[in-house]
Amino acid sequence: MRQLPKGISNYEDIVAENRVYVDKTMYIEKMEDLADKTIMFLRPRKFGKTLFTSTLECYYDKNKADKFEELFGKTYIGKNPTPNKNRYCVLRFNFSGISTNTVEETIKGFREKVDIGINRFVTNYKLDFYNNPEMSTEGILGSTFEAFREQRRNEKIYVIIDEYDHFANELLGFKTDEFKELVAKNGKVRKWYEILKEGTESVVDRIFITGVAPITLDSTTSGFNIARDITKNIRFNDMLGFSKEDVKYLMTEIDIPEEKQEELIPIIKENYDGYIFSNMIKSEYENYKIYNSNMTLYFLDAYQEQGQVPEELVDINILSDYGKIEAFMNLCQNMNKIELLEKIVAEEPVESELTEKFNAEISFGEKELVSLLFYLGYLTIEQNELGMSKFVTPNEVVRTIYSQYFLEYIKRKAGIQGKMKNGEMIKEILYEGKIDKAIETLGTFLTNLSNRDYQRFDEKYIKVIFYSICRMLGAVYVKSELEIGGEYADILIIPREKLNERYGVLLEFKYIKQEDYNKKPELLQQKLAEAKTQLERYNQTEKIQAIPNLRSYAIVVVKDKIQVEEL
């Protein structure tokens, strides 16, 4: 049985170990077909960017010409090589992992990454060159180009830059002033890119740059305005990430029977699919949706090892991303970020223009935040019309990240300490169809919120809190605003597996302001009756009747008091 390439980003290692490789080499040919020789391509992290840059290095490196058949014989590009194969001396940089604790540490880390790339280049191509530590970072790059021009006449360089924006993203999220100092005006990073641009006038023939978001582009483009951004180009939509066919290929290669594949595909799709990166694609074009490659490999690797669907469907390293969402939300000024967050958590589409480039000199608003969340993979394009896009969360994993962030935010506001009793809540729901523990947890949140919070309370806010609580339980699917017979049910919770042996619950929420209840206490029974009537209509539909062991509850909230009645 062949092994998956999980955690391996070196193309040569994958080939040498005969690991499964999803062939993306046809895009090498497509990029060469472009008139532009400097290409920018952005994708969220964990989408295979480093592996792709490693593949490019192996293909273009003149030192690997004698290994071409071994490395690419089984791939598209091996059978359809371009005239540029093994033509270049490749200078590759990887700017991931730079410490951003201080400006000094960031500059030092940037220099170290530049030195690693240059020293490797000098060794690989036997240049007579001294990397003088006294020279500036941009100076050493210029000197490298000059030495190459003198010693390797009639040869050209292909520059590959991986994670060009990694440290910039960290700085922008947490230390905006330091970010501006480095990438704007006369910053070190900007000067370095100016020298890179100068290199294209002499020894640099091609450049490929990848990263996550176009944050630093406006800050560097006055010195580096030559890159063509193909991030949203429909021809390159699935250059990184996996298509449905890619996922099936992976499963076949690790000997998962076809009938089992049909069982696994919906699970993988629900959790890791849904990304659309071109605003020319309509959401209904299912074949254009992309699976997160890292998360898909995580699932398949666990399945291959355990022989069953892994209990944890989300890599713990991905779940911790909610801290990054918070950092970027804190950049925004003059907007109610929580209202936007509530909308996203409630799975409502967010309409906004898509920002093409971020400028360090201007403040972030809602448009910039929504666009940044798109580039980071926390939102995806649902549809585009007249320059406005509708953004939605792509899959269950991302929705879980938002729910976790939202709950942490509410817990901090309410001053709630300790962890939720997830184990007790999930057992009660699955084994008995009861929601007592979940309602108790909701009550804890409501009781600890301030009177100021209640001024903006409504039914949606209550639903979002309860929805987020349930999403963190695991072992269940939680649906918000599920379309049932032309209406929309508030929340449906059903088991992920053993549907006939476990319980599900259907919930309809109503909210009454305290002052309205004080004037008219009979509102409570009226709202309960409304909720029950809605539940009765839902229960008469085929969609709901097809769910075994389902219990239905009407829930009315008056400030921090919760009334629950089962249908």
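The values are calculated or read from the model by the stated rules, or taken from the named source; none is laboratory data. Being a predicted model, the structure only gives us computed values, none of them experimental. As a convention, Cβ positions derive from the backbone with ideal geometry for all residues, glycine included, and neighbour counts pool all protein chains shown. In case anyone asks, the SASA skips ligands and DNA or RNA and just uses the protein heavy atoms, side chains included. Shrake-Rupley method; radii C 1.70, N 1.55, O 1.52, S 1.80 Å.
General observations
- Taken together, the criteria exclude residue 541 from residues that are without any contact (Cβ under 8 Å) to a residue 12 or more places away in the chain, open to solvent by 20 Å² or more (accessible area, probe 1.4 Å) and over 18 Å from residue 436 (Cα atoms).
- For residue 67, the criteria (1) at pLDDT 95 or above; (2) in a loop (DSSP other than H, G, I, E, B); (3) among the basic types (Lys, Arg); (4) farther than 26 Å from residue 200 by Cβ hold in every case but one, which is (2).
- Positions within the range 391-446 being open to solvent by 20 Å² or more (accessible area, probe 1.4 Å), part of a loop (DSSP other than H, G, I, E, B) and within 18 Å of residue 491 (Cβ to Cβ), in sequence order: 420, 434
- Some residue of the range 399-415 being on the phi > 0 side of the Ramachandran plot, out of contact with any Leu (no Cβ under 6 Å at 6 or more places or on another chain) and not β-branched (Val, Ile, Thr): yes
- A count restricted to the range 240-260 and to residues that are open to solvent by 10 Å² or more (accessible area, probe 1.4 Å) and over 21 Å from residue 394 (Cα atoms) stands at 9.
- Scanning the range 40-56 for residues that are open to solvent by 10 Å² or more (accessible area, probe 1.4 Å) and either at positive phi or over 20 Å from the mean Cα position of the chain (by Cα) (or both) returns 46, 48.
- Any pair with Cβ under 8 angstrom, 6 or more apart, that starts in the range 112-135 at a residue that is open to solvent by 30 Å² or more (accessible area, probe 1.4 Å) and ends at one that is among the aromatic types (Phe, Trp, Tyr): 113/93; 113/95; 116/93
- Of the helices (runs of 4 or more DSSP H) that lie entirely inside the range 500-567, those containing 2 or more residues that are at pLDDT 90 or above and over 39 Å from the mean Cα position of the chain (by Cα) span 514-519, 523-539.
- Scanning the range 488-501 for residues that are surrounded by 14 or more Cβ atoms within 10 Å (Cβ to Cβ) and either farther than 19 Å from residue 263 by Cα or free of Cβ contacts under 8 Å to residues at least 12 places away in the same chain (or both) yields 489, 490, 491, 492, 493.
- In this structure, residue 101 does satisfy being in a loop (DSSP other than H, G, I, E, B) and either open to solvent by 60 Å² or more (accessible area, probe 1.4 Å) or closer than 23 Å to residue 204 by Cα (or both).
Yes/no matrix, rows are residues, columns are (1) assigned to a strand (DSSP E or B); (2) at pLDDT below 85; (3) open to solvent by 10 Å² or more (accessible area, probe 1.4 Å):
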| residue | (1), (2), (3) |
| --- | --- |
| 334 | no, yes, yes |
| 348 | no, no, yes |
| 357 | no, yes, yes |
| 371 | no, no, no |
| 374 | no, no, no |
| 377 | no, no, no |
| 381 | yes, no, no |
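- Residue in the range 464-481 that is buried (at least 17 other Cβ atoms within 10 Å of the Cβ), touching a Ser or Thr at 6+ places or on another chain (Cβ under 8 Å), in a strand (DSSP E or B) and not charged (D, E, K, R) present: no
Conditions (1) among the acidic types (Asp, Glu); (2) at pLDDT below 90; (3) touching a Leu at 6+ places or on another chain (Cβ under 8 Å), marked per residue:
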| position | (1), (2), (3) |
| --- | --- |
| 157 | no, no, yes |
| 164 | no, yes, no |
| 171 | no, yes, yes |
| 179 | no, yes, yes |
| 195 | no, no, yes |
| 198 | yes, no, no |
| 203 | no, no, no |
| 215 | no, yes, yes |
| 221 | no, yes, no |
